[in-house]
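One structure is given below, encoded as structure tokens.
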Amino acid sequence: MGLTMEEIAIGIKEKKYKNIAFMVGAGISTGAGIPDFRSPETGLYANLEKLNLPYPEAVFDIDYFKKHPEAFYTLADGLYPGKYSPTKFHKFIKKIQDAGLLKRVYTQNIDTLERLAGVDEKYMIEAHGSFAKNFCIECKHSMSVEEIKEAMWGEDFEKSDKKGKKVGIPRCKNKICKNKKQGGLVKPSIVFFGEQLPKSFFQALEDDLPDEVDLAIVAGTSLTVQPFASLPTMVNCPRILFNDERVGNIGRKRNDVVVIGDCDEKIEEFCKLIGWSLDEEEEEGSNETEETEEEGGGVEAAEEKVEEIAKELEKVELEGDKEDDKHDKKGS
Ligand code: OAD
């Protein structure tokens, strides 16, 4: 007999697992109102008719972006971080961090909701990048989130009602940009198809896998995009999947546990088995965990935090991410 969800929960409670790695995707953010990519009716790829794309994934294709940047920016208009708050699942990741059991969070998401939930940057591998940093695709000059927002929505973007307005396309303002005429196209450091994943992703693989992780929690991903999709096959430890469908080969190994259903609902059940609560109010009166919830929640707090994160990230040395390993992100 293999493991059960209850046994894994007890293992967490008793701190048997001390190096937990999360491998997550868009499904952990749907509860925040952000659509995932591949769900048949609600996913982004099923709802891109207005962009007239040759195929849905073209919206994240670097060659297509060079010719039709308006497609990506129309999508970015709806997805831009700032108006979404972390879900229960994100809060669970923070709980694992607070319990001192977190090894790594490998995320494919570009919404930065893990950080907004309070997960420390040192644990984060944003394998497909994020909206936080922006570069000219021709001269690599960086542009702040403020400048991007201004280019997309106009100077009074904080006050203006963006609904129905055509989104602007950010252009490089560097006086010595290679594209002298218009300024090169500026793109967030989201990893497009045809681009390399960040060096930090490959470094973390080398550091963590297979032996430095003792529990893998996979959630909200269809495991279709390589190389990320291979991560769960690279561990030698129990794996637990929280997803509304079976994915990858999880369920085929002896110590696999598959939990099918809404990941926010299931993670609450799982927390109860551990003896934790994800409810902030209950949490305040409880001394059961070492938790120190500091996030205020709400859209304004979320917006402020995104700005903070963006500013922090802009300070970080950028070159490392550009010259990286020769691995392209590919659909499989
Ligand atoms: P997908 O949309 O491919 O998969 C999301 C998975 O989560 C699917 O299996 C859904 O059934 C499941 N799901 C959705 N909502 C859920 C919920 N509330 N509870 C449980 N399960 C739920 O998203 P990813 O696997 O993240 O690349 O996609 C990988 C990459 O493909 C993305 O990073 C993106 C895209 O091209 C980018 O570069 C931005």
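Report, by residue number, each residue of the range 213-252 that is among the polar types (S, T, N, Q), near the ligand (Cβ under 8 Å from one of its atoms) and either open to solvent by less than 20 Å² (accessible area, probe 1.4 Å) or part of a strand (DSSP E or B) (or both).
THR221, ASN243
Among GLY78, GLY82, GLY33, GLY43, which is the only one that is open to solvent by 40 Å² or more (accessible area, probe 1.4 Å) and closer than 16 Å to ASN109 by Cα?
Every option except GLY33 fails the conditions.
Is the range 200-208 home to any residue that is assigned to a loop (DSSP other than H, G, I, E, B), open to solvent by less than 60 Å² (accessible area, probe 1.4 Å) and at pLDDT 95 or above?
No; the residues of the range 200-208 include none that is assigned to a loop (DSSP other than H, G, I, E, B), open to solvent by less than 60 Å² (accessible area, probe 1.4 Å) and at pLDDT 95 or above.
Tell me which residues, restricted to the range 60-93, are touching a residue at least 60 places away in the same chain (Cβ under 8 Å) and either under 19 Å from ASP214 (Cβ atoms) or charged (D, E, K, R) (or both).
Result: ASP61, ASP63, LYS66, GLU70, ASP77, LYS83, LYS88, LYS91, PHE92, ILE93.
Can you list residue pairs whose Cβ atoms sit under 9 Å apart, with the first residue in the range 138-152 being within 18 Å of ALA76 (Cα to Cα) and in a loop (DSSP other than H, G, I, E, B) and the second being hydroxyl-bearing (Ser, Thr, Tyr) and modelled with pLDDT under 95? Count only pairs 6 or more apart in sequence or on different chains.
Every condition considered, no pair remains.
I'm checking my understanding of the structure. Among residues of the range 113-133 that are of a type outside the set (A, V, I, L, M, F, W, C) and more than 25 Å from GLU212 (Cα to Cα), which one is nearest to the ligand (Cβ to nearest atom)?
SER130
If I filter the range 61-75 down to residues being touching a helix residue (DSSP H, G or I) at 6+ places or on another chain (Cβ under 7 Å) and within 11 Å of the ligand (Cβ to nearest atom), which single residue comes out as nearest to GLY194 (Cα to Cα)?
Ranking the candidates gives PHE72 first.
Would you confirm, using the coordinates I've provided, whether ILE34 is closer than 30 Å to ASP98 by Cα and in contact with a Cys (Cβ under 7 Å, 6 or more places away or on another chain)?
It is false that ILE34 is closer than 30 Å to ASP98 by Cα and in contact with a Cys (Cβ under 7 Å, 6 or more places away or on another chain).
Restricting attention to the range 267-284, and to residues there that are within 15 Å of the ligand (Cβ to nearest atom) and open to solvent by 50 Å² or more (accessible area, probe 1.4 Å), which single residue is nearest to the chain's Cα centre (by Cα)?
In this case the residue turns out to be GLU268.
What about GLU295, is it modelled with pLDDT under 95, closer than 23 Å to GLU126 by Cβ and either more than 16 Å from the ligand (Cβ to nearest atom) or assigned to a strand (DSSP E or B) (or both)?
Yes; evaluated as a whole, the condition is true for this residue.
Looking at the range 21-43, I want the residues that are touching a residue at least 40 places away in the same chain (Cβ under 8 Å) and within 7 Å of the ligand (Cβ to nearest atom) and have a partner that is among the basic types (Lys, Arg) and open to solvent by 60 Å² or more (accessible area, probe 1.4 Å) with Cβ atoms under 7 Å, at least 6 apart or on another chain. Which pairs are those?
Here the result reads GLY31/LYS88, each pair linking the range 21-43 to a residue that is among the basic types (Lys, Arg) and open to solvent by 60 Å² or more (accessible area, probe 1.4 Å).
The values are calculated or read from the model by the stated rules, or taken from the named source; none is laboratory data. Predicted model only: the values in this text are computed from it and were never measured. Cβ sites come from the backbone with ideal geometry, for glycine too, and all protein chains shown count toward neighbours. For accessibility, only protein heavy atoms count, side chains too; no ligands or nucleic acids. Shrake-Rupley method; radii C 1.70, N 1.55, O 1.52, S 1.80 Å.
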